[in-house]
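The structure appears below as structure tokens.
The values are calculated or read from the model by the stated rules, or taken from the named source; none is laboratory data. Since the model is a prediction, treat every value here as computed from it, not as a measurement. We place every Cβ from the backbone using ideal geometry, glycine too, and count neighbours over all the protein chains shown.
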Amino acid sequence: MNTRRRCRERSPEEPVPVEAGGRPTKCARRQDHKEVMATIENLMIKLSDYNSATVQGRIEDLSYYVIDTLHIYKWDILRTLVDCVEKYPMQCGSYATFVGLVNVQDYEFGSECLKCVTQQLVRALYEGEWLKAQSLVLLLADLVNTNVLTVGSMLQLLNSMVDVCEEEDASHRRRDFYAHLVLSSLPLVGRELYEKKETVLQTLLKRLQVYIKRERSPGEGARLLRIFNNCDVPQLDYLELLWLQIKRLMHAKWIEKELLRPYAAFDENLSTALQHHLPPFQPPCHEDDSADYPHPWLVFRLFEASDFPPHMRMPDELDIGRHIIEAHIMETVRLHHLERKICAERLMAYCVAKPTRPMEHCIIEVLLGQMLQLPSSPLLTINYGALIIELCKLVPDKFPRIVAQAADMLYTQLEYMNPSSFDRFVNWFSHHLSNFRYQWNWQDWENSIALPEFHPTRQFVRELLKKCMRLSYHRHIVQLVPASYAPLLPASPDPNFKYIDGLLPGATLAKHLLDAIRSKCAPELLGGLLEATTELDDGLKINVLMQSLLHLGCKSFSHIFSLLSKFQPVLKVLVNNDAHQLAMLRALFEVWSNNEHVKLVVADKLLKMHIVSNHAVVAWVFNPSLKSELVKMYLWELLNLTVRYTKYHMRVTEENQSTDLNCLLLNIAQTCVKVLLDHRKSEQSSEVDYWFQWIQGRLLQLLFNYIDDVRKISSKLREIAFEAEEAKSLSNMINDYLNYIT
């Protein structure tokens, strides 16, 4: 008999302490509840390791430790088990093996575990905890493999989920979610179902095929979610791709080689256990389909087989192994993205566990795919950027080369890239270069210089250089890039105070205001000077005052904000209507015409100080004088900041805030559509209209950022789409968007 078992049989009521290595000692002592549960939780977390040999020993240790404490800590153990499964769904095989080993010794525990998991599954589905629900279904699938759950019960569960796919009045997202639940569990349990219930399994798959191939129509959503609007880069709907992978797995008789299956080492022991049936399961319904089911997404592919090292092979796109590998990577990123060093180390541990696979390429592909994903990325762009930088530092002989290869491949497809993904690419790559001293083969991108003004590739290089300057400084970037880049480099970002010219109208007032401000006059004195100047109209007075303040505060944002704060009462008295607010913004853009960052930050500050209104900002952004600027990122950053401020920070009642936000979003949509239609009437060229594509794409990006709020004005947007019929692509885009969100 095992000595560890003998120790527990001598003292069944005392939980046994654990050594530093994680193995139980022979010296039993009484521990309090927190110590025991902390030990059990620590042991369970260690089951998430990628090394199968290590995991087998830990599973055995955990099962030995837990068996003698079940009568005291059973429900706490089950709660911890559910929490770990939710965090590490791709390690369900380890947790199912643990449950199976305990079930061999304590049949009641297996029953209680299934009851707990089923209850948690129903609760997760009802409360919209979709990731938790999927994790629990994966656990149930692996419990079939560990002889805890009967094959018949699992098939009943899967069939009840497929029933949802056949509900005629259910939303597509609800039906898609349940179809995905079933399909994602089949790689784990498919072989067992095939061997014992092949006919029932075939019936289940035929029902799924009917739904996916005949009843499901992802076309509208797929058009909007494509990162590239050409067919050169593979972009497949997530559910259709998973279905194709399952079909190939079925033809391979359900044999796959990427999943960790630690229960195989305990097969002889597990086969002696008695099995359980699931309690009845009915997927919960939601009133008025109020649950926010996961939105569809497209699976991104970047690298081809020829891009991998010759001695390594990645499972192809239709191989279920590709899905499993990517799921492992996404799980690690989701769990550890806030700790980039830990995340990078965990990813490298997974690489070590797969020495015959080009895992470094796959990791970069998954990270960039998520970062560029539409309508929005799961995490912030900075999270992906920081992790990629950490990986480059951790493995400097592999990752920097792969990242450079990926950036070049994305560069070649810029003409077809969605503007939202384009912006994220600019933000990520500028940040990445800033961490590596801006070293890049800039000569490779010189072809962008000769392209048309608004061509996406040319715009990318220009925006990238501006972002690099924001993270560094102008002269440094100018010295780094080849001289041939001069047409793409912005002018030196210095202020332009036009009233230095004493002959201009308002120059005399400007001189008096500068002297008064330098002498630290009170706001009342400055207001008196402006009021005494009767020969100038109010618009010119505002221009003179604003230019004077910005000129004196040009050394830093702190200087500008200090002056604006001091003379805020004077500014508020002057800008008493929309025209005056536009005059103030015009003055800002005149002084800092060569510095987009200052224009963005100061305009946002004026909004937050309630000197200009949110609608004035919208009117200024779409002002005809800024038409050529409208393709640039900073103006749309300003629009997004304005909407966000209106939504979260304006000091009004909740009801008025909602109304004002709806009015603002409607104003942006109407104004932008009008600008696009006016442009289409004036531009009848047969060439590709890049300007139109930029503005249309950026409008869609802004609407995607505020889906829940836009739903409230969806009927108004339908009317706008109808009025925009003369611009077919614009009308189709709005209608596709409305169909997607409703």
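Residues of segment 153-176 that are in contact (Cβ under 8 Å) with a residue 60 or more places away in the chain and over 19 Å from Gln119 (Cα atoms): Asp163, Ala170, Ser171, Arg173, Arg174, Asp176.
State whether one or more residues within segment 289-310 are β-branched (Val, Ile, Thr), in a helix (DSSP H, G or I), closer than 28 Å to Lys393 by Cα and outside the structural domain of Glu86 (by TED's automatic domain parsing).
Filtering segment 289-310 down to residues β-branched (Val, Ile, Thr) leaves 299.
Keeping just the survivors that are in a helix (DSSP H, G or I) gives none.
Checked against the condition, which is being β-branched (Val, Ile, Thr), in a helix (DSSP H, G or I), closer than 28 Å to Lys393 by Cα and outside the structural domain of Glu86 (by TED's automatic domain parsing), segment 289-310 yields no hits at all.
Being under 24 Å from Pro280 (Cβ atoms) and in a helix (DSSP H, G or I) is not true of Leu101. Among the residues of segment 143-183, just one is under 20 Å from His295 (Cβ atoms), of a type in the set (Ser, Thr, Tyr) and surrounded by fewer than 19 Cβ atoms within 10 Å (Cβ to Cβ), namely Ser171.
Report yes if Leu239 is modelled with pLDDT under 90, assigned by TED's automatic domain parsing to the domain that holds Ser171 and surrounded by 13 or more Cβ atoms within 10 Å (Cβ to Cβ), otherwise no.
Values: modelled with pLDDT under 90: no; assigned by TED's automatic domain parsing to the domain that holds Ser171: yes; surrounded by 13 or more Cβ atoms within 10 Å (Cβ to Cβ): yes.
No: the conditions fail for Leu239.
Inside segment 241-279, can you point out the residues that are in a loop (DSSP other than H, G, I, E, B) and charged (D, E, K, R)? Reasoning before the result, please.
Looking only at segment 241-279, we keep the residues that are in a loop (DSSP other than H, G, I, E, B), and these are 252-261, 271-275, 277-279.
Answer for segment 241-279, where residues must be in a loop (DSSP other than H, G, I, E, B) and charged (D, E, K, R): Lys253, Glu256, Lys257, Glu258, Arg261.
If I ask for residues that are free of Cβ contacts under 8 Å to residues at least 60 places away in the same chain and crowded, with 21+ Cβ neighbours inside 10 Å, which ones from segment 639-651 would you list? Answer for segment 639-651, where residues must be free of Cβ contacts under 8 Å to residues at least 60 places away in the same chain and crowded, with 21+ Cβ neighbours inside 10 Å: Thr642, Thr646. Assess whether Leu208 counts as being modelled with pLDDT of 85 or more and outside any helix (DSSP H, G or I). No. For Asp267, the stated conditions do not hold, so it cannot be described as out of contact with any strand residue (DSSP E or B) (no Cβ under 7 Å at 6 or more places or on another chain) and within 23 Å of Leu374 (Cβ to Cβ).
Listed by position, the helices (runs of 4 or more DSSP H) contained in segment 466-534 that have at least 1 residues being out of contact with any Ser or Thr (no Cβ under 6 Å at 6 or more places or on another chain), within 25 Å of Arg586 (Cα to Cα) and in the same structural domain as Pro569 (by TED's automatic domain parsing) are 507-518, 523-532. Counting only residues that are surrounded by 15 or more Cβ atoms within 10 Å (Cβ to Cβ) and within 25 Å of Phe425 (Cβ to Cβ), segment 472-506 holds 11 of them.
Looking across segment 384-415 at every residue that is within 22 Å of Glu637 (Cα to Cα) and in contact with a Phe, Trp or Tyr (Cβ under 6 Å, 6 or more places away or on another chain), the one that is modelled with the lowest pLDDT is identified as Leu414.
Every condition in (1) assigned by TED's automatic domain parsing to the domain that holds Val162; (2) aromatic (Phe, Trp, Tyr); (3) out of contact with any Phe, Trp or Tyr (no Cβ under 6 Å at 6 or more places or on another chain) holds for Trp254 except the one numbered (3).
Among the residues of segment 525-557, the one identified as surrounded by 14 or more Cβ atoms within 10 Å (Cβ to Cβ) and among the basic types (Lys, Arg) is Lys541. Would segment 470-479 turn up any residue that is free of Cβ contacts under 8 Å to residues at least 24 places away in the same chain, of a type in the set (A, V, I, L, M) and more than 24 Å from Met348 (Cβ to Cβ)? There is at least one residue in segment 470-479 that is free of Cβ contacts under 8 Å to residues at least 24 places away in the same chain, of a type in the set (A, V, I, L, M) and more than 24 Å from Met348 (Cβ to Cβ). When the residues of segment 34-85 are filtered to those that are surrounded by 15 or more Cβ atoms within 10 Å (Cβ to Cβ) and aromatic (Phe, Trp, Tyr), which remaining residue is nearest to the chain's Cα centre (by Cα)? Per the stated criteria, the residue is Tyr50. Out of the residues in segment 311-322 that are part of a loop (DSSP other than H, G, I, E, B) and in contact with a Pro (Cβ under 8 Å, 6 or more places away or on another chain), which is nearest to Phe704 (Cα to Cα)? Among those residues, the one meeting the criterion is Glu317. Sub-7 Å Cβ pairs linking a first residue in segment 256-272 that is polar (S, T, N, Q) to a second residue that is part of a helix (DSSP H, G or I), at least 6 apart or interchain, are Asn269/Leu101; Asn269/Val104; Thr272/Val104, ordered by first then second residue.
For every residue, the table says whether it meets (1) modelled with pLDDT of 95 or more; (2) farther than 22 Å from Leu318 by Cβ; (3) of a type in the set (Ser, Thr, Tyr).
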position: Arg191; (1), (2), (3): no, no, no
position: Val200; (1), (2), (3): no, yes, no
position: Gly219; (1), (2), (3): no, no, no
position: Ile246; (1), (2), (3): yes, no, no
position: Tyr263; (1), (2), (3): no, yes, yes
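Against the test of being within 16 Å of the chain's Cα centre (by Cα) and of a type in the set (Gly, Ala, Ser), the options Ala344, Ala327, Ala349, Ala353 yield a single qualifying residue, Ala327.
For residues in segment 420-449 being out of contact with any Pro (no Cβ under 9 Å at 6 or more places or on another chain) and of a type in the set (A, V, I, L, M), which is surrounded by the fewest Cβ atoms within 10 Å (Cβ to Cβ)?
So in segment 420-449, the residues out of contact with any Pro (no Cβ under 9 Å at 6 or more places or on another chain) come out as 421, 423-435, 437-441, 444-445, 447-448.
Applying the additional criterion that residues be of a type in the set (A, V, I, L, M) yields 426, 433.
Working: Val426: 22, Leu433: 20.
Per the stated criteria, the residue is Leu433.
Residue check: is Asn577 surrounded by fewer than 18 Cβ atoms within 10 Å (Cβ to Cβ) and under 22 Å from Trp694 (Cα atoms)? No. Residues considered: Leu574, Leu536. Of these, the only one that is in contact with a Gly (Cβ under 7 Å, 6 or more places away or on another chain), over 18 Å from Lys599 (Cα atoms) and modelled with pLDDT under 95 is Leu536. Being part of a helix (DSSP H, G or I) and touching an Asp or Glu at 6+ places or on another chain (Cβ under 9 Å) holds for only one residue in Ala133, Ala124, Ala53, Ala38, and it is Ala124.
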